[in-house]
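Data first, discussion second: the structure below is written as structure tokens.
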Amino acid sequence: MRKILIVAALLAAAPFTASADGLSYTYVEGGWTQFQTDDDLLDDPKLDGGYVRGSFALAEQVHVFGAWNYASKSYNYDYGHAKLELNQPELGIGYHMPFSDRVDYTADIAWVRQQAEIKADFDGFGRITDKDHTNLVRATMGLRGKPSAMTEAWIKAGYMDGGNNFEGTWVGTLGGQINFTKTWGLVGEISGYRDVTQFSAGVRASF
């Protein structure tokens, strides 16, 4: 937590380079993602997969966004095999306002659906499938800015709750982008809550 606060302070106080390239809230991106979970029953699995994400500016300070994450892990045994799959779509709306010339204050709220499914084929038992899902609401606030003309960084913290099916917990996100052109850039992000950490790396096209 201390490191996140230090990054936030640096992001807000750094002397940002003046540039004609501002922050865009209309973009599409996609790439690789990995979920790491602390789960003794499943031997702390790391699920690898992909993601797509997009945002569209509805007005000068309002945008809508959506994403879909898919990741899986396979287990092979002498007596059969199993596959753990995670699907996580989300839809939300966000608000932003200038914090300084090169930094925006951001706030958003989103619906998130977490769906986990286990498919197994074991000798003598045939095919076994078990599926479960939880609908969550996540709200975050943070800062997004441009340390230089060709880089971008963001940090967010908030809370996620799923009622009786998911105990509320704090969430956090730290990410950045390196731009090659005004449109194209490479993005990287880490986010987490409780015993789950998600790493993502991809390509973004901003408009």
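For T169, indicate whether it is at pLDDT 95 or above and either of a type in the set (A, V, I, L, M, F, W, C) or within 26 Å of V203 (Cβ to Cβ) (or both).
no
Here is a yes/no grid of residues against (1) charged (D, E, K, R); (2) open to solvent by 30 Å² or more (accessible area, probe 1.4 Å); (3) within 14 Å of the chain's Cα centre (by Cα):
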{"residue": "A139", "(1), (2), (3)": "no, yes, yes"}
{"residue": "G158", "(1), (2), (3)": "no, no, yes"}
{"residue": "G172", "(1), (2), (3)": "no, no, yes"}
{"residue": "G185", "(1), (2), (3)": "no, no, no"}
{"residue": "D195", "(1), (2), (3)": "yes, yes, no"}
{"residue": "S200", "(1), (2), (3)": "no, no, yes"}
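Number of residues in the range 24-51 that are of a type in the set (A, V, I, L, M, F, W, C) and within 21 Å of T181 (Cβ to Cβ): the value is 1. Residues in the range 62-111 that are exposed (fewer than 15 other Cβ atoms within 10 Å of the Cβ) and in contact with a His (Cβ under 7 Å, 6 or more places away or on another chain): S74, Y75.
For the range 35-47, a residue qualifies if it is in contact with a Lys or Arg (Cβ under 6 Å, 6 or more places away or on another chain), open to solvent by less than 30 Å² (accessible area, probe 1.4 Å) and part of a strand (DSSP E or B), and exactly one does: L47.
Regarding S200, is this residue in contact with an Asp or Glu (Cβ under 6 Å, 6 or more places away or on another chain) and hydroxyl-bearing (S, T, Y)?
Details: in contact with an Asp or Glu (Cβ under 6 Å, 6 or more places away or on another chain): yes; hydroxyl-bearing (S, T, Y): yes.
It is true that S200 is in contact with an Asp or Glu (Cβ under 6 Å, 6 or more places away or on another chain) and hydroxyl-bearing (S, T, Y).
Looking only at the range 113-133, decide whether some residue is within 17 Å of the chain's Cα centre (by Cα), at pLDDT 90 or above and open to solvent by less than 20 Å² (accessible area, probe 1.4 Å). Checked the range 113-133: no residue is within 17 Å of the chain's Cα centre (by Cα), at pLDDT 90 or above and open to solvent by less than 20 Å² (accessible area, probe 1.4 Å).
Against the numbered list (1) of a type in the set (A, V, I, L, M, F, W, C); (2) modelled with pLDDT of 95 or more; (3) not in a strand (DSSP E or B), W68 comes up short only at (3).
With the structure loaded, tell me whether E189 is at negative phi, without any contact (Cβ under 8 Å) to a residue 24 or more places away in the chain and assigned to a loop (DSSP other than H, G, I, E, B) or whether it fails that test.
Numbers: at negative phi: yes; without any contact (Cβ under 8 Å) to a residue 24 or more places away in the chain: yes; assigned to a loop (DSSP other than H, G, I, E, B): no.
When the stated conditions are applied, E189 does not pass them.
Taking the range 175-186 as the search range and keeping residues that are out of contact with any Asp or Glu (no Cβ under 8 Å at 6 or more places or on another chain) and either in a loop (DSSP other than H, G, I, E, B) or of a type in the set (D, E, K, R) (or both), which one is nearest to I109 (Cα to Cα)? Among them, the one singled out is T183.
Output yes when any residue across the range 153-174 is more than 15 Å from S24 (Cα to Cα), touching an Asp or Glu at 6+ places or on another chain (Cβ under 6 Å) and part of a strand (DSSP E or B), and no when none is. Show your work before the answer.
Within the range 153-174, the subset more than 15 Å from S24 (Cα to Cα) is 155-174.
Still in the running and touching an Asp or Glu at 6+ places or on another chain (Cβ under 6 Å): 168.
Filter once more, so that each one left must be part of a strand (DSSP E or B): none.
No - not one qualifying residue is present in the range 153-174.
Within the range 88-127, work out how many residues are among the hydrophobic types (A, V, I, L, M, F, W, C) and over 27 Å from G50 (Cα atoms). Before you say what the answer is, go through the steps one by one.
Going through the range 88-127, the residues among the hydrophobic types (A, V, I, L, M, F, W, C) turn out to be 91, 93, 97, 99, 103, 107, 109-112, 116, 118, 120, 122, 125.
Keeping just the survivors that are over 27 Å from G50 (Cα atoms) gives 97, 99, 103, 122, 125.
Residues in the range 88-127 being among the hydrophobic types (A, V, I, L, M, F, W, C) and over 27 Å from G50 (Cα atoms): 5 in total.
For A18, the requirement of being in a helix (DSSP H, G or I) and at pLDDT below 50 is not met.
The values are calculated or read from the model by the stated rules, or taken from the named source; none is laboratory data. Keep in mind that what you see is a predicted model, and the values were worked out from it rather than measured. Glycine gets a Cβ as well: all are built from the backbone with ideal geometry, and neighbour counts include every protein chain shown. Please note that ligands, DNA and RNA were not included when accessible areas were found on the heavy atoms of the full protein model with its side chains. Shrake-Rupley method; radii C 1.70, N 1.55, O 1.52, S 1.80 Å.
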